[in-house]
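Notes follow once the structure below has been shown.
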Amino acid sequence: MRAIILDLDGTLLNSSKQVSRRAEDAILSCARSGMRIVFATARPPRTVARLLPASLREAGAFVYYNGAQIHCPHTDFAHHEAINPELVAALIDHCLAVDPDADLGLEVLDVWYALREVEEHVRMNVTGGPIVQSLEELKRHAATKVLVSGYASVEALLAAFGERLSIVVTDQGTLVQIASAQVSKEAGVRMLCKRYGIAMADTLVFGDDYNDLGLFRVCGWPVAMGNAVPELKQAAREVTATNDEDGVALVLERWIGGEVQ
């Protein structure tokens, strides 16, 4: 394998939102052997910078927001795919018409906006709170990603916008993540692999949730975490231990040692 693709939450990060020293050492060993390291996450740049050790940040390239923003420091490649303001406005109107109390926020590059202050349980594991704006101000943004928490009408949302937007439900069904229709983790990883001259068949990917399914279908060796959703385990070449049991390190150590089954 020539590249390792790593999801963060539920995969590389344990339940305390930390990277174990064992996992860090295994990833760095792979990087030293010449393998490219890509972190593919739903998170924005600011929280990735807070959660990843400096050694890993220096070693990797980044697919943020499920692929809406991409950055490769080593090749100076950057890409951003936003939802146009007209579609953002229609999406906001739809969500609030169905649920006026919906916890709705927008990410614009690396800035978080919302209609109101966010409850503490929603803010958990997020750096700081959002910039509160009026409804009209929110509608004028070209959004990198729209987030709706605790939203119960996903089927209606898919019916109205499923052909125009990428809509993914994660976090045990509690979070709806919406991006441009062209956005996906696999599209972002393809862009980086093309820059590196690496075929998708030569990639090893780790994941745990529904937004990793596309990657599992196109990468050469998909590995599901022990805590992954059932659909991801079914799509995997192998299932490793959980994110609290160093599942990533267990597999990488085997690859480093040449003991691939």
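Report the full-extension gain for the segment ALA78 to HIS94: residue separation times 0.36 nm, less the Cα-Cα distance, to one decimal in nm. Could you put the intermediate results ahead of the total?
Working: separation 16, 0.36 × 16 = 5.76 nm, distance 3.17 nm.
Length gained between ALA78 and HIS94: 2.6 nm.
How high is the relative contact order of the stretch 168-239, given as a whole-number percent (alpha carbon pairs under 8 Å, six or more residues apart)?
Values: 106 pairs, mean separation 18.3, N = 72.
Once normalised by length, the contact order is 25 percent.
log10 I(q)/I(0), Debye, Cα-only the stretch 145-202, no solvent, q = 0.16, 0.21, 0.24, 0.25 Å⁻¹?
-0.59, -0.79, -0.90, -0.95
I'd like the Karplus ³J(HN,Hα) series for the stretch 177-190: coefficients 6.51, -1.76, 1.60, θ = phi - 60°, whole numbers in Hz, and an x wherever there's a Gly or Pro.
10, 10, 9, 4, 4, 7, 8, 6, 4, 5, 5, x, 5, 4
Return one whole number: the accessible area per residue of the stretch 1-54 in Å², for a 1.4 Å probe.
With all protein chains present, the stretch 1-54 gives 37 Å² per residue.
Find how much the distance from ARG217 to ARG22 grows on full extension, using 0.36 nm per residue of separation minus their present alpha carbon separation; answer in nm with one decimal. Could you put the intermediate results ahead of the total?
Values: separation 195, 0.36 × 195 = 70.20 nm, distance 2.78 nm.
Net length gain for the segment: 67.4 nm.
At a threshold of 8 angstrom on Cα-Cα distance, excluding pairs fewer than six apart, so keeping six or more, what relative contact order does the stretch 73-177 reach in percent?
31 percent
Report the percentage of all Cα-Cα pairs in the stretch 1-125 whose separation exceeds 20 Å, rounded to a whole percent.
When every Cα pair of the stretch 1-125 is considered, 52 percent fall beyond 20 Å.
Carbon and sulfur: what percent of the stretch 32-161's accessible surface (1.4 Å probe)?
So the carbon and sulfur contribution to the accessible surface is 53 percent.
Given a 1.4 angstrom probe, what's the average accessible area per residue across the stretch 130-261, in square angstrom?
Per residue, the stretch 130-261 has 45 Å² of solvent-accessible surface.
By its C-alpha gyration tensor, with a ≥ b ≥ c as the square roots of the eigenvalues, how is the stretch 172-238 shaped: rounded for a/c under 1.5, else prolate for a/b larger than b/c, else oblate?
Details: a/c = 2.89, a/b = 1.21, b/c = 2.40.
Because a/c hits 1.5 or more and a/b fails to exceed b/c, the stretch 172-238 counts as oblate.
Taking the alpha-carbon centroid of each part, what is the distance from the stretch 69-113 to the stretch 124-175 in angstrom?
Going from one Cα centre to the other spans 8 Å.
Using the eigenvalues of the Cα gyration tensor, what equivalent ellipsoid semi-axes result for the chain when each is taken as the square root of five times the eigenvalue, whole Å, largest first?
32, 18, 17
After finding the eigenvalues of the alpha carbon gyration tensor for the stretch 132-261, what semi-axes result from the square roots of 5 times each, listed largest first in whole Å?
32, 18, 13
Which pairs break 26 Å Cα to Cα here: LYS17/LYS139; LYS17/LYS194; LYS17/LYS185?
Where the Cα-Cα span goes over 26 Å, the pairs concerned are LYS17/LYS139; LYS17/LYS194.
The values are calculated or read from the model by the stated rules, or taken from the named source; none is laboratory data. What you are looking at is a predicted structure, and each value in this text was computed from that prediction instead of being measured. When the accessible area is computed, the model is the full protein with side chains, heavy atoms only, and any ligands, DNA or RNA have been set aside. Shrake-Rupley method; radii C 1.70, N 1.55, O 1.52, S 1.80 Å.
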